[in-house]
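Student: Structure in structure tokens, see below.
The values are calculated or read from the model by the stated rules, or taken from the named source; none is laboratory data. Just so we're clear, the structure is a prediction, and the values are computed from it rather than from any experiment. Cβ placement follows ideal geometry from the backbone for every residue including glycine, while neighbour counts extend to all protein chains displayed. Heavy atoms of the whole protein, side chains included, go into the accessibility calculation; ligands, DNA and RNA do not. Shrake-Rupley method; radii C 1.70, N 1.55, O 1.52, S 1.80 Å.
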Amino acid sequence: MKNKIHQTAYVCYENWEETPEHYRALITEARKAKEGSYAPYSGFNVGAALLLNNGKVIHGSNQENAAYPIGFCAERTALSAAASLASHEKIQSIAITCSSEKNPVNTPAAPCGICRQTIFEAECKHKQDIEVILMGETGEVYVFKSIKDLLPLHFDADFL
Ligand code: THU
């Protein structure tokens, strides 16, 4: 028997001022994306911006539904848009931001499990890691080199 430990390495910038300009630019795009959020049920608005290898930026936002489980998260909306509009273009980074009608969001919110697996599939499809940049409305900014850092023991096609 062995006890094993998974560790996650990521960079944490203390605030907006300390965050490098290229990350701030993509977070700003995610904030613009959030303007398209439709979240009348949760009041939780999420925006995601993908930076493609060709420099183009693709937006996505959460889209809820009165039949709650069929709503879409912002990350998967952005990834579907990228797959439809630029299916062969690799994805360099994703910035994700959020706000809530109930409380200020002062810490980064990490993507849900389904979105982690979907971002991982995009990494596998394009054979390129996707950098993940997270920020709430204010506060720290987290940067992960790959979604694999947020998805230990990931499930991939090698099992199939
Ligand atoms: N949401 C996202 O858009 N991305 C996530 O990774 C987590 C949750 C959305 C789904 C729902 O519209 C709202 O946030 C509250 O769960």
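Student: For region 11-150, what is the accessible area per residue in Å², given a 1.4 Å probe and the full set of protein chains?
Tutor: Dividing the accessible area of region 11-150 by its residue count gives 50 Å².
Student: Can you list the trypsin sites (Lys or Arg not before Pro) in region 1-30 that are in a DSSP coil and have 12 or fewer other beta carbons within 10 angstrom?
Tutor: Counting only loop positions with at most 12 other Cβ atoms within 10 Å, the trypsin sites (Lys or Arg not before Pro) in region 1-30 are Lys2, Lys4.
Student: Which distance in Å, rounded to a whole number, links the C-alpha centroids of region 47-67 and region 85-115?
Tutor: 8 Å
Student: If the label point is 7 Å along Cα→Cβ of Asn53, which residues in region 73-105 have backbone nitrogen under 13 Å from it?
Tutor: 87-93
Student: Which trypsin sites (Lys or Arg not before Pro) in region 92-146 sit in a loop by DSSP (not H, G, I, E or B) and have at most 15 other Cβ atoms within 10 Å of their own Cβ?
Tutor: Those satisfying the criteria are Lys102, Lys127, Lys145.
Student: In region 16-67, what GluC sites (Glu not before Pro) fall in a loop by DSSP, with at most 12 other Cβ atoms inside 10 Å?
Tutor: Answer in residue order: Glu17, Glu18, Glu35.
Student: Then there is this: Could you give the semi-axes, largest first, of the ellipsoid that matches the chain, computed as the square roots of 5 times the alpha carbon gyration tensor eigenvalues and rounded to whole Å?
Tutor: Ellipsoid semi-axes (Å, largest first): 23, 20, 18.
Student: Okay, moving on. With a Förster radius of 22 Å, plug the Cβ-Cβ distance of Tyr10 and Leu153 into 1/(1 + (r/R0)^6) and report the FRET value to the nearest 0.05.
Tutor: Approximately 0.80, to the nearest 0.05.
Student: Please report, as a whole percent, how much of the solvent-accessible surface of region 1-70 comes from carbon and sulfur atoms (probe radius 1.4 Å).
Tutor: The value for region 1-70 is 52 percent carbon and sulfur by accessible area.
Student: Return a whole-number percent for the relative contact order of region 11-150, with Cα pairs under 8 Å and 6 or more residues apart as the contact set.
Tutor: Reported relative contact order: 26 percent.
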